[in-house]
Every structure is written in C-alpha cells, then in structure tokens.
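Before any comments, here is the structure.
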Amino acid sequence: MPFMKGIAPIRRTVQYLQSGKLSLKDRVQVFSVHYNRLGENHQGARDFVFWNLPQVQYQNPQVQVVTFKNMTPTPFIRCYLDSGDDVLIDVDNKSKEEIESHLKLVICKSDELLAKEAIAQEKKDNEANFGYGCQRHCICEMPGQVPCSAVCPLPNHMRGKLRFATD
Amino acid sequence: MASKAVRLLGRCLPFFPGKSIPNATRVQIRQLELDENINMYFPKDTTFFAHDPGQVCKPGDIVLISSLPKKLTPLIEHEVLKVVYPFGDITDPITGKKVMNDMYREDIEYISEMYGKNKKGFDYENAPERGWQEDKKDFSHKQSYRRFQVYDKEDKQPYAVDY
C-alpha cells in the first residue's frame, strides 16, 4: 500500500474502492448525506461517510455524492431521482452497517440485477462476439470473412440448392 | 435515445459582477473528483448559470438544478427545479420542523424562555421574509462592479463589491 499516510489509508486502495457493495439504481442522480460533527446519534452517519462514501462514489461515478454538515439535529440521507422525487432515509442512531444494509434494500440494485449486468457487460467486453447485443451483428461484417450473401451472392459451387439439385 | 437530464444539487452564489444575466442564478456544484495517484476523492467546485425566471433563488440557498435539453443561451445550460434548503430557514425533512444548525427552533424558544427571553433577540415568528431590505438598504442583488482602486479616503464606493 503506497503512501500509507493519513487515518485508515486502506480507504485509498483500489481494491477497497472496488469492493463497495452499494451500486445505486440508475434512477438516482444525487446522493446527499446530512450529518453533524458532534452528537452520538450522528456517529453511524459519520462512520458511513468516513468508510463508505468513497466506495459509493467509485461504484456510481455518474451520481453526485454530496455531504452537508451541521444543518439539522438528526442525520439523514436524501437521494434525488430523475423523476423529480426524492428518497428520504432517516439514519438517526443507526450504525454504519445498518445504514449500509438499509440502503442496499431501498435504493441499490439487487444482486441478481448486478449479476445480469455483469453478463451483459461481458458480452459487450468481448469484441470477438457477434450477434444480438454485440458490437457486430454478423461475421460477414469483418474484412477477410465471407461477405454477406444478401449483398454478394455465394459462388454456385458453394450453394447447396445448386450443388444438390437433382434435375 | 435522448440523453437523460442531469440533476445536480448546488449552492446559490451571489450575482456575477461585470455581467448582467437576466433570469439566471449562479449555482456552485460540488462534486467529488478521484485523484488517481492516491485514489482519494477531493471536492471540486463547478459554477453553472441556472435559468430562474421567478428569481426564487437567493445567495446561500441549496437548490436542485437540472440540465436543459437545449441550451437557453450560450451561458445557461441548466434550470432551477426547486430550492431545497433556503438559506437560514431550513426545515428538517424528517420532522417537518424548522431548525437552526443542530437545534430545533422550538427548543431554542423554550430554552430562551427558561433563561429569560431577550427582547432584542431575533424573533423567528415575526421576522420578515428574506429580502425585505432589497432596494431599500440592500443592493447586492443589483448589477454592480468590482471595487476600483481606492486612491484616497474620500472615495467610498458604497455599491462596489470586493470579490
């Protein structure tokens, strides 16, 4: 771990950032956390911001992750969706683990959805694949392969209907 | 497929000296930027002009802005959707009560009553709306200019701004 400076430098490792469990739903555009510097009921929120907020931002680079300090007596998390609504999550007196598990239930993608997306991503990642959902629809698009029979008819000796004609 | 409107939460800044942009507020958006060398997120501020025809935003308010599908002017690409937390008048969304920092206003009332209410103290109930001195004593919402170099003491420039 290079540059092992600061409090809990483990938070600054790529493995730690990638191991974030909170992958927010596509609808979420802004993820705001309100907490105070002091107060026992804010301790869970403070821990969540300290340990998990970089992970949330890493997993969701398109979401604006913003914190507000010392604005209200009780801590809460407010997510603004693209439909105009906002999701208000009360985290008063909750521990960091409780907050994380609650968020996972409420505004994160489920594990099944994440697995499906990983498979879809794989299909996209492997450029050699062709077909539905891939970069190329058919192998005939590649130079060096047999051209598309819709554009350029195959020679007669390769066409089954002419090779095996009985008349 | 049309791209989704991007919503952002930001803070209203005072007007922009030197350029008069009607029906727009300057909004500062704070986003986290990853420093690749130490893998740490640092806040980065960007300023946008948001279309605000009713002039509902005042400096210091926390507002939700949304990107417009088409630029209104070369400078205005966003519009103000709503003022989430007006400056100095925050309503706790959980309880719906008015708060000041880490206390409910009713608790502050109660405590001040216990100690003996200061007659000169700020009265939240009867205080006028923010902006009541505009055009009378407060001219900060109007077009102004950056303070010219002050060469002698008589040059007061009361309506200049220093930023």
Query raised in the report: So how many Å³ per residue does the convex hull of the Cα atoms of segment B:49-160 work out to?
Result: 187
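Can you compute the equivalent ellipsoid semi-axes for the protein assembly as shown, i.e. the square root of 5 times each eigenvalue of the Cα gyration tensor, sorted largest first and rounded to whole Å?
Values: eigenvalues 561, 170, 76 Å².
Computed over the protein assembly as shown, the values are 53, 29, 20 Å.
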**Report entry** Those residues of segment B:84-129 for which accessible area with every protein chain present is at least 10 Å² below the isolated value (1.4 Å probe)
**Finding:** B:Val84, B:Tyr85, B:Ile90, B:Asp92, B:Pro93, B:Ile94, B:Val99, B:Asn101, B:Asp102, B:Tyr104
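How big is the antiparallel share of DSSP beta bridges in segment A:1-87, given as a percent to the nearest 5? Could you put the intermediate results ahead of the total?
Numbers: 8 of 14 bridges.
Bridges in segment A:1-87 that DSSP calls antiparallel: roughly 55 percent.
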Requested in this report: Report the FRET efficiency, 1/(1 + (r/R0)^6), for A:Leu38 and A:Glu122, where r is their Cβ-Cβ distance and R0 is 51 Å, rounded to 0.05.
Outcome: 0.60
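Could you list the trypsin sites (Lys or Arg not before Pro) in segment B:116-161 that lie in coil according to DSSP, counting only those with at most 12 other Cβ atoms within 10 Å of their Cβ? Walk me through the numbers before you get to the answer.
On the way: sites: B:Lys117, B:Lys119, B:Lys120, B:Arg130, B:Lys136, B:Lys137, B:Lys142, B:Arg146, B:Arg147, B:Lys153, B:Lys156; in loops: B:Lys117, B:Lys119, B:Lys120, B:Arg130, B:Lys136, B:Lys137, B:Lys142, B:Arg147, B:Lys153, B:Lys156.
Answer by residue number: B:Lys117, B:Lys119, B:Lys120, B:Lys136, B:Lys137, B:Lys142, B:Lys153, B:Lys156.
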Requested in this report: Using the Cα centre as the reference, give the magnitude of the dipole from point charges on the C-beta atoms of segment B:31-163 (Lys, Arg: +1; Asp, Glu: -1; all else neutral), rounded to the nearest 20 debye.
Outcome: 440
Requested in this report: Considering only B:Phe148, B:Phe48, B:Phe87, give the residue with the highest GNM mean-square fluctuation for chain B, with springs between Cα atoms whenever their separation is below 10 Å.
Outcome: B:Phe148
Query raised in the report: By what distance, in whole Å, do the Cα atoms of segment B:115-163 stretch along each of the three principal axes, largest value first?
Result: 50, 23, 18
Requested in this report: With a cut-off of 18 Å, note down the residues of segment A:65-85 whose backbone N falls inside the zone around a label point 7 Å from the Cα of A:Leu105 toward its beta carbon.
Outcome: A:76-79
Report task. Please report, in Å, the Rg and the Dmax of segment B:42-83, where both are computed over Cα atoms only. Result -> 10.9, 34
Query raised in the report: Per residue, what accessible area does segment B:90-140 have, given a 1.4 Å probe and all protein chains present, in Å²?
Result: 83
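Need one number: % antiparallel among DSSP beta bridges in the protein assembly as shown, to the nearest 5.
Numbers: 43 of 55 bridges.
Of the beta bridges lying entirely in the protein assembly as shown, close to 80 percent run antiparallel.
What is the local net charge at B:Gln31, summed over the other residues whose Cβ is closer than 14 Å to its Cβ (Lys, Arg +1; Asp, Glu -1)? Could the numbers behind the result be given before it?
Numbers: positive: B:Arg7, B:Arg11, B:Arg30, B:Lys44; negative: B:Glu33, B:Asp35, B:Asp45.
Summing Lys/Arg as +1 and Asp/Glu as -1 gives +1.
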**Report entry** 20 Å Cα-Cα reach of B:Lys70 towards aspartates and glutamates, excluding residues that sit fewer than 8 places from it in its own chain
**Finding:** A:Asp82, B:Asp52, B:Glu79
Report summary line: Computed ³J(HN,Hα) along segment B:135-142: with the Karplus parameters 6.51/-1.76/1.60, θ = phi - 60°, integer Hz and x for glycine or proline, the list is 6, 10, 10, 9, 10, 6, 7, 8
Query raised in the report: For segment B:94-162 and segment A:46-111, what is the separation of their Cα centres, given in Å?
Result: 32
Report task. For chain A, calculate the relative contact order in percent as a whole number, restricting contacts to Cα pairs under 8 Å that are 6 or more residues apart. Result -> 20
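Tell me the GluC sites (Glu not before Pro) within segment A:114-167 that lie in a loop according to DSSP and have at most 11 other beta-carbon atoms within 10 Å.
Details: sites: A:Glu117, A:Glu122, A:Glu127, A:Glu141; in loops: A:Glu127.
The qualifying sites are A:Glu127.
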**Report entry** Cα pair distances of chain A binned at 10 Å [whole percent]
**Finding:** 9, 26, 23, 13, 10, 8, 7, 4, 1, 0
**Report entry** Surface accessible to a 1.4 Å probe, per residue, for the residues of chain A, Å²
**Finding:** 62
Query raised in the report: Under 19 Å from a point 7 Å along the Cα-to-Cβ line of B:Asp107: which residues of segment A:42-71 have their amide N that close?
Result: A:42-46, A:68-71
Report task. Identify which of B:Pro69, B:Pro53, B:Pro43 has the largest mean-square fluctuation in a Gaussian network model of chain B, with springs joining Cα atoms closer than 10 Å. Result -> B:Pro43
Requested in this report: Return the single residue from A:Phe48, A:Phe68, A:Phe130 with maximal mean-square fluctuation; model: Gaussian network over chain A, springs between Cα atoms under 10 Å.
Outcome: A:Phe130
Report task. Give the angle, between 0 and 90 degrees and rounded to the nearest 10, that separates the Cα long axis of helix A:96-106 from the longest principal axis of the Cα atoms of chain A. Result -> 40
Query raised in the report: Convex hull volume of the Cα atoms in segment A:76-167, per residue, in Å³?
Result: 191
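Using Cα pairs closer than 8 Å and at least 6 residues apart in sequence, work out the relative contact order for segment B:24-133, in percent.
Result for segment B:24-133 is 17 percent.
Hey, how much of the P(r) for segment A:114-167 falls beyond 12 Å, as a percent of Cα pairs? Working shown, then result.
On the way: 1042 of 1431 pairs.
Here the tail beyond 12 Å accounts for 73 percent of pairs.
What is the percent carbon and sulfur in the accessible area of chain B, measuring with a 1.4 Å probe over the protein chains and ignoring ligands? Intermediate values should be presented prior to the final figure.
On the way: 6250 of 11500 Å².
Its accessible area is 54 percent carbon and sulfur atoms.
The values are calculated or read from the model by the stated rules, or taken from the named source; none is laboratory data. The model shown is predicted, which means the values in this text are computed figures rather than measured ones. Heads up, the Cβs are rebuilt from the backbone with ideal geometry, glycines too, and the neighbour counts pull from every protein chain shown. Side chains are part of the model used for accessible areas, which takes the heavy atoms of the whole protein and leaves out ligands, DNA and RNA. Shrake-Rupley method; radii C 1.70, N 1.55, O 1.52, S 1.80 Å.
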